[in-house]
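Data first, discussion second: the structure below is written as structure tokens.
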Amino acid sequence: MYSLSDFDFDLPEELIAQIPLPHRTASRLLHVDGEQLVDRHFADVLEQLSPGDLLVFNDTRVLKARFFGVKETGGKVEVLVERVLSNTDEQRTVLAQVRASKSPPAGTGIRLAESFDVTVGERVGEFYTLHFPGDVFELIETYGRLPLPPYITHDADDFDEQRYQTVYSRVPGAVAAPTAGLHFDQDLLDRCQAKGIGLAYVTLHVGAGTFQPVRTEDLAQHAMHSEWYTISQQTVDAVRTAKAAGKSVIAVGTTSMRALESASQGGSLQAGSADTRLFITPGYVFKTVDRLITNFHLPKSTLLMLVSAFAGYDRIRSAYAHAIAQHYRFFSYGDAMLLTNTSHLLNTNTSTD
């Protein structure tokens, strides 16, 4: 049984990528191929895929979810929209983190971006509900700022607004990008299709909880953050077709992975929408995904636990040590890995929440 300290490692600060490379496919790819660690360029991923394989992408789009505002009392406030709860004429409400010197009570008015007023509603755990005066998505897109991860030290600029979105993003709702997909440009997607590789999509709106550290040494005590996903019947059919032909289903990113595995908890992949709190740790046996393209993750993070469950704890430890020694770039704007599922070869206990 693993504990939190088993997923810690020392990362030199200079390896945390602060800006994206000039071209999306210019990043490196560490191919974990059995016991071998092969250094590749990301564009070489096409050579590792076969006709009939299926790439599954997360088509969520990052909201300009960060606002700076002022309370009625004059106090400064920072707001990060976590999720749009409703956007109808009757109710336009979001769930948000609100940072202020004093917690705002229900009924408090806040002026955001010096442009429009929201009203604080009920408290929901660490979040607040905020009631917007008009179309939520329009106000966010017009007045909000792109929220970069906490380990990126600069404010988002025009280049970030382009590069911190995947080229196929289409469903607004995330507050963090599904970063494995940032390595794909349209030309690479076109070349995948020309080779006979299928492209399918799920939607999982990545929440700010993805950056929250695990605070308990006993992983069984960790409360996993909730994220909303949807999977279409078209994607389910594409997965079944690939599986029936003996081909690989490749999740592009841990968010695509979580959506597919969450929708497979009944034993087989099912179309639909739901919230998921699936917490994957070593011992979990993956039901749908055969291979995974993913970036390098933070120490002690749930995503590091997920990839350790997928490819094997010792193998991931070796891969990360290799990546650090070879000066790979880490985290959202960093390099990528190509992993193969080995969970079915292990005889440890499943740990999910």
(request) Considering (1) polar (S, T, N, Q); (2) more than 16 Å from the chain's Cα centre (by Cα); (3) assigned to a helix (DSSP H, G or I), say which one residue 264 fails and leave the rest. (result) (3)
(request) From (1) out of contact with any helix residue (DSSP H, G or I) (no Cβ under 6 Å at 6 or more places or on another chain); (2) in the same structural domain as residue 42 (by TED's automatic domain parsing); (3) of a type outside the set (Ser, Thr, Tyr); (4) not in a loop (DSSP other than H, G, I, E, B), pick out the condition that doesn't hold for residue 137. (result) (2)
(request) Only residues in segment 90-113 that are touching a residue at least 60 places away in the same chain (Cβ under 8 Å) count as the first member; pair them with residues that are hydrophobic (A, V, I, L, M, F, W, C), Cβ under 9 angstrom, at least 6 apart or cross-chain, and list the lot. (result) 97/79; 97/80; 97/81; 97/127; 97/208
(request) Among the residues of segment 98-132, write down those that are touching a helix residue (DSSP H, G or I) at 6+ places or on another chain (Cβ under 8 Å) and assigned to a loop (DSSP other than H, G, I, E, B). (result) 113, 115, 132
(request) Just one of (1) in a helix (DSSP H, G or I); (2) in contact (Cβ under 8 Å) with a residue 24 or more places away in the chain; (3) surrounded by 14 or more Cβ atoms within 10 Å (Cβ to Cβ) trips up residue 177, so point out which. (result) (1)
(message) Exactly one of these conditions fails for residue 73: (1) hydroxyl-bearing (Ser, Thr, Tyr); (2) crowded, with 17+ Cβ neighbours inside 10 Å; (3) modelled with pLDDT under 95. Give me its number.
(response) (2)
(request) Can you work out which of the residues in segment 44-58 that are surrounded by fewer than 19 Cβ atoms within 10 Å (Cβ to Cβ) and within 24 Å of the chain's Cα centre (by Cα) is farthest from residue 236 (Cα to Cα)? (result) 44
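The values are calculated or read from the model by the stated rules, or taken from the named source; none is laboratory data. On a predicted model such as this, the values are computed, not experimentally measured, just so you know. Cβ coordinates were reconstructed from backbone atoms using ideal geometry, including for glycine residues, and neighbour counts include every protein chain displayed.
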